[in-house]
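Notes follow once the structure below has been shown.
Just so it is clear, none of the values below were taken in a lab; they were calculated from the coordinates. It should be emphasised that the depicted structure is a prediction, and the values quoted were computed from it without experimental measurement. For neighbour counting, all protein chains shown are included, and Cβ atoms are generated from backbone atoms with ideal geometry for every residue, glycine included.
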Amino acid sequence: MVKEDFPILQDIVYLDNAATTQKPLQVIEAIRNYYLLHNANIHRGVYPLARKSTDLYEEAHRVVAGFIGARAEEVVFVRNTTEGLNLASHLLEPLVRAGDNIVVTISEHHSNLLPWWRLARRRGARLRIGMVREDGSIDEEDVISKIDESTRIVAVQHASNVTGYITDVRKIVKQAKKVGAVVVLDGAQSVPHVPIDVNGLGVDILAFSGHKMLGPMGIGVLWARKEILEEAEPFLLGGDMIKEVHYTNGEIVPLWNELPWKFEAGTPNVAGAVGLMEAIRYLERFGMEKILPHEKKLATATAEGLEDMGFNVIGGERRGGVVAFWKEDIDPHLLAYRLGQKKVCVRSGYHCAQPLHEVLEVRGSIRASFYLYNDEDDVERFFEALREVVR
Amino acid sequence: MIEVDLRRAGSGCMDNPVAVLSAYIERKLPLKILVTEEYRPLVKEILEIGGYTIEREEKARGYYILLAQVKTSSTVAKGAFPL
C-alpha cells in the first residue's frame, strides 16, 4: 500500500503532481537522520562527521548517475530544472554566434523557453519555434524542419506538463546530430515517470527536479556530457569549485576543481541530495517501469469522464499522467478553488506554458496530474467533487 | 476593511482574481474591492462562493468599487457552475 507512506494524503486528493509530488516517510526520515546524525559541511573538514557528510553527498551523485545511466562526474546538483536549464544556456553560450539559430518548441515550459530566448538575443541568433499538432502535442516533423546547418542547440521537453505528450526525442536527436547541434532535454516531467537512459536517448544535456520525484524541494540535476562540462566555464565562482587559488606575480590565478564540483560552488544542499537519493531508492523499489502505465490508466479514465461531462481535454495520443481541461465560461482558477474547498488539489492557469495556451486559443486550463500513489479512489473523489461544483 | 485593488488583475497563476481574493476570503476580512468591468462578474462569484455579501457597489471612473462583508454561516450560498 503505497499511500500509507504518505501521511499527507490521508485527507486530500492530491492531483497536482506535475507541480510537485508528496514525500514518503522514507525520504522525510532520511533528511531528518542527516541533520540528526551526519550534518557537517562537505569537502572541507577532516574529522569523521565531515567525511561522512561528504560520503553521503558523493554517494547521492552516484545514485543519480545510476538512475539515468550516466557517470557521477557528469551529474551536477542544482536547485531545480529551471536552474539546470539556465546553467545549460550558460554552458552553451560560446557555441552560439550571430546568424546561428536555436530550436525550441511552442509547448515548452517557460523554463525551457526563456533561457534560450535570452541566449539568442544576446548572441544575435534566431529562436526557431517548432509547433504543435491540433491536439497540442509536439509536431516532431515541424521541429525537425526547423533544424538546419546553422542550428547550434535544440532544446525540447521530454514530456509536456500540459498535454502529457511524450516527445519522440530520438527522432529529433537524429536530425540534430546530422548538423552537429547540441540537444538539451527538459526532463522535469519525464524523469519521475519513466526509466531514463541518457545514452539511449542520445541527448547531450538533461535537467530535472528532485521535488517532482518524491524528493525534497531545492535539489535538482543537470546532467551534461563530460566534454561539455570540461570545456565550459563555471557559472558560479567561490568555494569548492576551485582546486587552488594562487597569488602569483600580483595576479589571482585560480585552478578549477574536477567535475562535477567545478559547477557546484559554495555549500550545497546536502540534505536535499540525501533526500533525493532516498527518493530514487523508493522509486526503484516501486519499479520505474510500472509508473507511467499506472498513471496513464488513471489519466485516460479521467479524460474520458471529463469529456462525458462536456469539458474540452487538451492533448491526445501518447498521454502521460497529465490531463488539462477547460470549458468556455468556467474560470479555471475559480473551479480549482472550489475543488480545493472539497479537498481536491488541482492546478489552474497556464501551468508556465502560456505560449502553448495562446496557440491553442485556450484562456487557461485546469490540470489533474497523477503519480504512483494515486488510485481509482482519487479519480472517483475528483469526479464527485467536480459534479458538486459543476451542475 | 481591507482594500484589494484588482484593476491590474490578470489570468496568470498568482495575479488572477481568484488567487488574490481567496487569500483574503479565507481570513474572513471585510473587503473593499476595486475591479474592472471584465472581472466584476467573476469577483462577485468568488465573493458569493466565499460566503460574502456585497453591501455596496459603486461605479467609479473606469472601474467598480465593491464593499463586501462575510455573511452569517446560515446564509452562505452553495452555488455551482452551470453546465
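For A:VAL78, the residues whose amide H sits under 5 Å from its own are A:GLY220, A:VAL221, A:LEU222, ignoring neighbours fewer than 5 places away on the same chain, with H placed 1.01 Å from N. When peptides A:277-286, A:236-245 are sorted by average Cβ neighbour count within 10 Å, with the highest value leading, the order is A:277-286, A:236-245.
Evaluated with a Cβ-only charge set (Lys, Arg +1; Asp, Glu -1), chain A carries a dipole of roughly 500 debye about its Cα centre, given to the nearest 20.
Of the DSSP beta bridges with both residues in the range B:2-72, give the percent that are antiparallel, rounding to the nearest 5. In the range B:2-72, DSSP labels about 75 percent of beta bridges as antiparallel. For A:GLN189, the residues 5 or more places off, or on other chains, whose built amide H falls under 5 Å of its own are A:HIS158, A:ALA159. Taking the average, over residues, of other Cβ atoms within 10 Å as the packing measure, peptides B:26-32, A:178-184, B:4-10 rank A:178-184, B:4-10, B:26-32 from highest down. Under a 5 Å amide H cut-off, with hydrogens placed 1.01 Å from N, A:GLY130 pairs with A:VAL104, A:THR105, A:ILE106 among residues at least 5 apart or on other chains.
Considering the zone a paramagnetic label at A:LYS342 would reach in this model (a point 7 Å from Cα along the Cα-to-Cβ line), which residues of the range B:24-61 have amide N under 18 Å from it? Inside the label zone: B:46, B:48-51. Towards the positive end of the charge dipole of the range A:253-391, with charges on Cβ (+1 Lys, Arg; -1 Asp, Glu), say which of A:TRP326, A:LEU386, A:ALA336 has the farthest Cα. Value computed over the given set: A:ALA336. Using R0 = 30 Å, the C-beta based FRET efficiency linking A:ARG32 and A:ILE228 works out to 0.25. For chain A, the longest principal axis of the alpha carbon atoms and the long axis of helix A:48-68 meet at an angle near 50°. Relative to the current alpha-carbon distance between B:ALA23 and B:ARG56, full extension at 0.36 nm per residue lengthens the span by 9.8 nm. For B:MET14, the shell of other residues with beta-carbons less than 13 Å away shows a net charge of +1, using +1 for Lys and Arg and -1 for Asp and Glu. Summing +1 for each Lys or Arg and -1 for each Asp or Glu among the other residues whose beta-carbon sits under 12 angstrom from that of B:GLN69 gives +3. Rounded to whole numbers, the Karplus 3J(HN,Hα) couplings from phi for the range B:45-55 are 5, 4, 4, 4, 5, x, x, 9, 10, 8, 7 Hz, using 6.51 cos²θ - 1.76 cosθ + 1.60 with θ = phi - 60°, and x at Gly and Pro.
Peptide A:332-345 has a mean of 4 when you count, residue by residue, the C-beta atoms of other protein chains within 10 Å of its C-beta. Here the spin labels are modelled as points 7 Å beyond Cα on the Cα-Cβ line, and at A:GLU58 and A:VAL359 they lie 4.5 nm apart.
For chain A, the convex hull drawn through the C-alpha positions has a volume of 142 cubic angstrom per residue. For the range A:71-81, the Karplus equation 6.51 cos²θ - 1.76 cosθ + 1.60, evaluated at θ = phi - 60°, returns couplings of 9, 4, 5, 9, 9, 9, 7, 10, 7, 5, 4 Hz by residue, with Gly and Pro reported as x. In order along the range A:122-134, phi translates into HN-Hα couplings of 4, 9, x, 9, 9, 9, 9, 10, x, 9, 10, 6, 4 Hz, rounded to whole numbers, per the Karplus curve 6.51 cos²θ - 1.76 cosθ + 1.60 with θ = phi - 60° and x for Gly and Pro. Relative to the longest principal axis of the Cα atoms of chain A, the long axis of helix A:169-178 lies at roughly 40 degrees. How big is the antiparallel share of DSSP beta bridges in chain A, given as a percent to the nearest 5? Antiparallel bridges: around 60 percent, rounded to the nearest 5.
Here A:TYR47 and B:THR72 are evaluated by their C-beta separation; at R0 = 60 Å the FRET efficiency comes out at 0.40. In summary, the aspartates and glutamates within cross-link reach of A:LYS327, defined as a Cα separation below 14 angstrom excluding same-chain residues under 8 places away, comprise A:GLU307, A:ASP308, A:GLU361. Over 20 Å apart at the Cα level, from the set A:LYS342/B:LYS32; B:LYS28/B:LYS71; A:LYS3/A:LYS343; B:LYS32/B:LYS71; A:LYS177/A:LYS226, are A:LYS342/B:LYS32. Between A:GLU388 and A:LYS171, the contour length at 0.36 nm per residue exceeds the Cα-Cα span by 73.7 nm. Short-range pairs are left out: with C-alpha atoms under 8 Å and at least six residues apart, the relative contact order of the range A:117-196 is 27 percent. Rounded to the nearest 20, the size of the Cβ-charge dipole of the range A:81-237 about its Cα centre is 280 debye, with Lys and Arg at +1 and Asp and Glu at -1.
For the cross-link pairs A:LYS146/A:LYS178; A:LYS146/A:LYS174; A:LYS52/A:LYS212, which exceed 22 Å when the distance is taken from alpha carbon to alpha carbon? Going by Cα-Cα distance, A:LYS52/A:LYS212 fall outside the 22 Å limit.
Using a cutoff of 8 angstrom between alpha carbon atoms and counting only pairs six or more residues apart, the relative contact order for the range A:265-329 works out to 26 percent. For the peptide A:228-241, the mean number of other protein chain Cβ atoms found within 10 angstrom of a residue's Cβ is 0.
The C-alpha atoms of chain A define a longest principal axis, and helix A:332-341 lies at about 80 degrees to it.
Each helix, a run of at least 4 DSSP H residues, gives -39500 (n - 2.57); summed and divided by the residues of chain A, these come to -11500 deg cm²/dmol at 222 nm.
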